[in-house]
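Notes follow once the structure below has been shown.
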């Protein structure tokens, strides 16, 4: 009987060898096959497996068996969730408070969140800021960014700049310089002067006009930012200072620090001057004046929630005849309804 069993075992082993030769590669088992082999192999023991196992090694069978035991006591699927993560809305709010208030520490931010009915610990606030790469308050509050400076002086801050235009004259093409000013809070623009070549005496007269107590454009401003052009001389800044306006010179090669003025230059070129051929100084003045009126009263501004700067009326009728106001031959248009 034992001899017959040994013959059967040898035959089965040889059959397995033939099957492996026909397959040509190591077989891959699914989870059910591993479970069945591991269960049978555990009963035989390591010594017997060393003698008869041929598909897999004894160590592999025993590893599968240990995995079966671990799965029996695995309770991860029934485990309750641990401490929930901080909500995305709370994280954004923490970063917003830290970004807009650089002097606020963890406790101050915690108090502001409590005012908004959000109970957040100091450790959570610290982790959120650290993950976002935001430094703690003692380091974060050093210095002042240009954006913060502008916002702090928004209502009393104006900017000045030049742009040039090529005009056809009897002497050929002549380059004219246009000096303009813009109030950053309201975006109101005023043309201060148009001249082929600005001189110091011309700039000094412009300064007197700007700080005139009755009609000066800078009567409501206290700071004027401008580039480092030589025409903005010391005497020019002294005249402004006599009118209680401090001139702030920007660093060299930094047009982004006077972004609102630069954006106006791009706008007037794209929508007006770049689409016209100008003959003589009078045509240039007319085109610039018409565009400034359109810019201040009839053009919607995305930076002001798509509103008008100085609308002619505070109420717009929804019914009535549709009217079109044309400037520069229809280059600039404004549509409104005529009140009935």
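The values are calculated or read from the model by the stated rules, or taken from the named source; none is laboratory data. Please read all numbers here as calculations on a predicted model, not as lab measurements. A quick note on method: Cβ atoms are made from the backbone with ideal geometry, for glycine too, and the neighbour counts reach across all protein chains shown.
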Exactly one of 224, 250, 257 is in contact with a strand residue (DSSP E or B) (Cβ under 9 Å, 6 or more places away or on another chain) and within 28 Å of residue 286 (Cβ to Cβ), and that one is 224
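From the list 67, 108, which residue is surrounded by 11 or more Cβ atoms within 10 Å (Cβ to Cβ), closer than 30 Å to residue 31 by Cα and at pLDDT 75 or above?
Just a single option satisfies the conditions, and that option is 67.
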Scanning the stretch 275-302 residue by residue, the ones that are under 26 Å from residue 313 (Cβ atoms) and not in a helix (DSSP H, G or I) total 4
Is one or more of the residues making up the stretch 246-254 part of a helix (DSSP H, G or I) and either loosely packed, with under 15 Cβ neighbours inside 10 Å or at pLDDT below 95 (or both)? no
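If you check residue 263 against the conditions, is it under 12 Å from residue 194 (Cβ atoms), assigned to a helix (DSSP H, G or I) and either modelled with pLDDT of 95 or more or in the same structural domain as residue 223 (by TED's automatic domain parsing) (or both)?
Values: under 12 Å from residue 194 (Cβ atoms): no; assigned to a helix (DSSP H, G or I): yes; either modelled with pLDDT of 95 or more or in the same structural domain as residue 223 (by TED's automatic domain parsing) (or both): yes.
When the stated conditions are applied, residue 263 does not pass them.
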Listed by first then second residue, the pairs whose first member lies in the stretch 248-268 and is under 9 Å from residue 227 (Cα atoms), whose partner is assigned to a loop (DSSP other than H, G, I, E, B) and modelled with pLDDT under 90, with beta carbons under 6 Å and at least 6 positions apart or on separate chains, are none
A careful count of residues in the stretch 313-340 that are on the phi < 0 side of the Ramachandran plot, outside any strand (DSSP E or B) and surrounded by 11 or more Cβ atoms within 10 Å (Cβ to Cβ) gives 4
Selection from the stretch 195-231 of residues farther than 18 Å from residue 183 by Cβ and under 38 Å from the mean Cα position of the chain (by Cα) yields 228, 229, 230, 231
